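One structure is given here, and the rest of the page talks about it.
Here, each number is a calculation from the coordinates, and none is a lab measurement. Keep in mind the model is a prediction, meaning the values are calculated, not measured. Ideal geometry is used to build each Cβ from the backbone, glycine not excepted, and the neighbour counts take in all protein chains shown.
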Amino acid sequence: MESGGAYGGGKAGGAFDPVSFVQRPQVILRAVCWLFAIIVFGCISSKGWYTRGTQEECLFNKDASACNYGVGISVIAFLASMGFLAGEYFFEQMSSVKTRKHYVLADLGFSGFWSFLYFVGFCYLANQWSNTVTEYPTGASNVKAAIAFSFFSIFSWAGCAFFAFQRFRQGAGAAFATNYEAEVTMPSTYTSYPGGPDSDQNYQDPPFSGMNQRGPTDFQAPAY
């Protein structure tokens, strides 16, 4: 995890380092999610349908909803992955802690929800394919690939949710802990007050005090 700024990001205004950006676990997982989404909706869109006569049949047990579901969640996952990759690029430029918090919460909620949807999609597609009795001349390998990468997508999106949760737990503490501790540090010594044990060293007489003190021999008789 990155350190030095709020919610695990660097401090706003820092120089952009493309190497460290590409090496972030969040960025790597987003790229993996993006790639898996392309594979799933690409396999279903290209070979998930078979034209029999004048009708198109979904290879998943002739269930058009299964094909539409797999394509739908994958297309949205593809667009969302691109959006979150852009968000990672601009994350360290977000000077507002509230903006970072909203981004992290959106990342956590969406990633966790989409991991669940891929889990549902994997179970749905696998069940429909296992019940398919019609033999199709082509498309079986694409269907199996769509099922497999739907399964892999469960863990990739769950990983994104995990890193977002880690960011949320880290919170804004790292951004302000150093400055706050420096501000509240109390001095180790204090100036002595009059009459204290160190009053002889630190206490000064008030100005003009010597003018008001006269000894017994300083009295002069008035002249008439």
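Across region 29-171, Cα pairs under 8 Å and at least six residues apart give a relative contact order of 40 percent. A simple spin-label model places the labels of Glu135 and Ala31 4.4 nm from each other, with each point 7 Å out along Cα-to-Cβ. Using the Cβ-Cβ distance between Arg169 and Val22 with R0 set to 22 Å, the FRET efficiency from 1/(1 + (r/R0)^6) comes to roughly 0.35.
The packing ranking of peptides 127-134, 40-47, highest mean first, is 40-47, 127-134, where packing means the average number of other beta carbon atoms within 10 angstrom of each residue. The percentage of C-alpha pairs in region 29-171 whose separation is greater than 23 Å is 40%.
Give the peptides 48-57, 74-83 in descending order of average Cβ contacts within 10 Å, highest first.
My ranking of the peptides, most packed first, is 74-83, 48-57.
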